[in-house]
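I have placed the structure first, in the form of structure tokens, so that the comments after it can refer back to it.
Derivation of every value follows stated rules applied to the coordinates shown; laboratory data play no part. Computed from a predicted structure; not experimentally measured. Using ideal geometry, Cβ is built from the backbone for each residue, glycine included, and neighbour counts are taken over all protein chains shown.
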Amino acid sequence: MSIDKETVTVPRGFLFSTVEAAIKKPGRKDLAMIYSEHESVMAGMFTTNSVKAAPVRLDMKLIGKGTGRAVIVNSGNANACTGAQGMKDAVEMGKLAAKVKGIKADEVYVCSTGVIGTPLPMGRIRPQIDVLVDGLGNATMDDVAAAIMTTDTFPKIVAKRKKIGNKMITITGICKGAGMIQPNMATMLSFIVTDAVIDKPALDAALRQAVGRSFNRITIDGDMSTNDTVLIMANGAAGNETIKMKSKGYEIFEGALTELAYELSELIVRDGEGATKLVEVEVKNAKSERDAEKGAFAIANSLLVKTAIYGNDANWGRLMAALGYSGIALKEEKTDIYLNGLQVARNGITTGVDKEANGRLKDKRIKIVADLHLGKGNAKVLTCDLTEGYVKINAEYRT
């Protein structure tokens, strides 16, 4: 095992491997595997797009069992909109990995990311699966994070350690995503591993809570993917007392998982295609949390807002307009707006500090706050600015 290469702490009992299969083009590792030495409790969440990639449909069936041993994932090809052959290929990838390792096919989850509508080059993938499985333990989780990248500019990995009872548990997660980002979920893959002992209901609940406050509250371009998947594996190697719903251990675990997911979400938005700024939009004191979320997304998805931020233009009127068309309860005369701590609108009217506000938008991290003064609903959404770089990347994505 190459644990000495890890840049973050990794839970006990997991092995990793990556190989090059030249799925989209040669010159990089693009096929990876995560393997648990023990049977793991598993939970997952998937895209709500009605057009779902073959591996998503496969994993949605497998997750009902609630357990698993491995995840095999490729980048460069989404295996989406590929018909019956696409499902055959996804199933074959799982079967081949299981056969080499001597486990059951329904213990292997399959994920893909990349170009939609192109069949998988199985002639190049098949022979590399043997190499991939035989190499388990020769790669790190960092290597897997790099292998699943598409238009990402850096690998994304976060770890958390918490004490539950008298045992230390570790949760480590990786993700990929930089474009086609919009819930539910954003276009992304995320794989989280933990050595905690936790039952299935608690793991399901913790994952849903974490995703709801993180991956489902980010947007880069308002497009929802066909392949979005979050999988978590808990192999119990830490030996802690079983984490169950409503226990103190659950509160600790769920809090750590939510923190981890939010930090991964920040990395996705920070790496948004062509982005130069990370933007957090908070709508507070709305009539309800749902209203706050809708209002925050309206601001975060506004192309006019995103381009103004890129251009260092504190055009707060665009924020007010987005809130107005979001369909939420709103009283213009009660609304306050802040840009990086500077109040630019009070009771719906300018405070006359636009020049100073323009200067604050030059920061690489921007915080927008809209206080509606209507209730107790609060929500935060992460986004980024919109630049010429986004257009260039997506105009040339398949070439």
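Where Lys and Arg each count +1 and Asp and Glu each count -1, what net charge lies around Lys376 among other residues with Cβ under 13 Å from its Cβ? Could you put the intermediate results ahead of the total?
Values: positive: Lys284, Lys287, Arg290; negative: Glu289, Asp291, Asp371.
Neighbour charge sum, excluding Lys376 itself: 0.
To the nearest 0.05, how large is the calculated FRET efficiency for Thr67 and Lys355 if R₀ is 56 Å and r is the Cβ-Cβ distance? Walk me through the numbers on the way to the answer.
Numbers: r = 60 Å, r/R0 = 1.06.
The pair Thr67/Lys355 has a calculated efficiency of 0.40.
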| remark: When Val133, Val193 are ranked with the fewest other C-beta atoms within 10 Å first, the list becomes Val133, Val193
| task | Round to a whole angstrom and tell me the spacing of the C-alpha centers of region 44-74 and region 332-385. | result | 39 Å
| request: Work out, step by step, the length gained on full extension between Val91 and Ala329: first 0.36 nm times the residue separation, then minus their alpha carbon distance; give nm to one decimal. | output: 80.9 nm
| query | Distances over 14 Å make up what percent of all Cα-Cα pairs in region 245-326? | reply | 71 percent
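Based on the Cβ-Cβ distance of Lys25 and Asp313, what FRET efficiency does E = 1/(1 + (r/R0)^6) give at R0 = 35 Å, to the nearest 0.05? Intermediate results must be reported in sequence, preceding the final value.
Values: r = 39 Å, r/R0 = 1.11.
Once the sixth-power term is evaluated, E becomes 0.35.
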| query | By the scheme Lys and Arg +1, Asp and Glu -1, what is the net charge of all other residues having a beta-carbon under 15 Å from that of Lys287? | reply | +1
| request: For Lys52, list the aspartates and glutamates whose Cα falls under 16 Å from its own Cα; do not include residues on the same chain fewer than 8 positions away. | output: Asp89, Asp223, Asp228
| task | State which helices in the chain qualify, where a helix is a whole DSSP H run, it must extend 24 Å or more along its own axis by its Cα atoms, and its mean Kyte-Doolittle hydropathy must be at least 0.0. | result | 248-270
| Rg to Rh, two decimals, where the chain supplies the alpha carbon set and Rh follows Kirkwood | 1.00
| request: Could you calculate the FRET efficiency of Val51 with Glu289 from 1/(1 + (r/R0)^6), where r is the beta carbon distance between them and R0 is 45 Å, rounded to 0.05? | output: 0.95
| Excluding same-chain residues fewer than 8 positions from Lys200, which lysines have a Cα within less than 24 Å of its Cα? | Lys61, Lys65, Lys104, Lys160, Lys162, Lys163, Lys167, Lys244, Lys246, Lys248
| field | Of Ile198, Thr118, Asn138, farthest towards positive along the dipole that unit charges on Lys, Arg, Asp, Glu beta carbons give region 80-218 | value | Ile198
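Give, rounded to the nearest 20 debye, the magnitude of the charge dipole that the chain has about its Cα centre when Lys and Arg contribute +1 at Cβ and Asp and Glu contribute -1 at Cβ. Don't skip to the answer; put the middle values down first.
Details: 53 positive and 46 negative charges, 91 e Å.
Value, rounded to 20: 440 debye.
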